Amino acid sequence: MYIVFVDGGTAWYPSRLEEYLNLWFADHEKARKARDEEGGYLLPYKKHFFVCPPGAIRSIGLDPEDPDWERVGWDCARPRDEDLSAALREAGQVRGGAVAIELDPVGILR
């Protein structure tokens, strides 16, 4: 399996998220493991990944209790359901949070 990293942009990390203690990773698998062990929400930032707390999700205009988070696996870098991930981005945009982006931060070629 080859993993191709694509720039995920900065829309998931507006400057107001700097006040939160986020866990940062260069490797998605390590980020995913940390998210699975510690909880939180895994989001892309350029060619990196971060896991943030519920308060950070609220600050970008999203509801951390939205059941769609479970359906995407709390992971918008490699969501289980791309359509729901897009819906979360759009909800953030409607509520004045993160701007919608064309997000395909990590493409997997087989």
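The table that follows gives values for the structure above.
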item: Boolean, Ile60 is surrounded by 19 or more Cβ atoms within 10 Å (Cβ to Cβ), modelled with pLDDT under 90 and of a type outside the set (Lys, Arg); result: yes
item: Test: residue in region 20-33 that is at pLDDT below 90, surrounded by fewer than 16 Cβ atoms within 10 Å (Cβ to Cβ) and not β-branched (Val, Ile, Thr); result: yes
item: Checklist (1) assigned to a strand (DSSP E or B); (2) closer than 13 Å to Leu17 by Cβ; (3) not aromatic (Phe, Trp, Tyr) applied to Leu42, failing item; result: (2)
item: Sole exception among (1) small (Gly, Ala, Ser); (2) at pLDDT below 70; (3) at positive phi for Gly40, by number; result: (2)
item: Any hit, region 78-95, residues being at pLDDT 85 or above, in a strand (DSSP E or B) and within 20 Å of Lys33 (Cβ to Cβ); result: no
item: Near pairs, Cβ below 7 angstrom, 6+ apart or cross-chain, from region 46-74 (within 17 Å of Lys30 (Cα to Cα)) to any residue that is among the polar types (S, T, N, Q) and at pLDDT 90 or above; result: Phe50/Asn22; Val51/Asn22; Cys52/Asn22
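The values are calculated or read from the model by the stated rules, or taken from the named source; none is laboratory data. Keep in mind it's a predicted model, so treat the numbers as computed, not measured. Ideal geometry is used to build each Cβ from the backbone, glycine not excepted, and the neighbour counts take in all protein chains shown.
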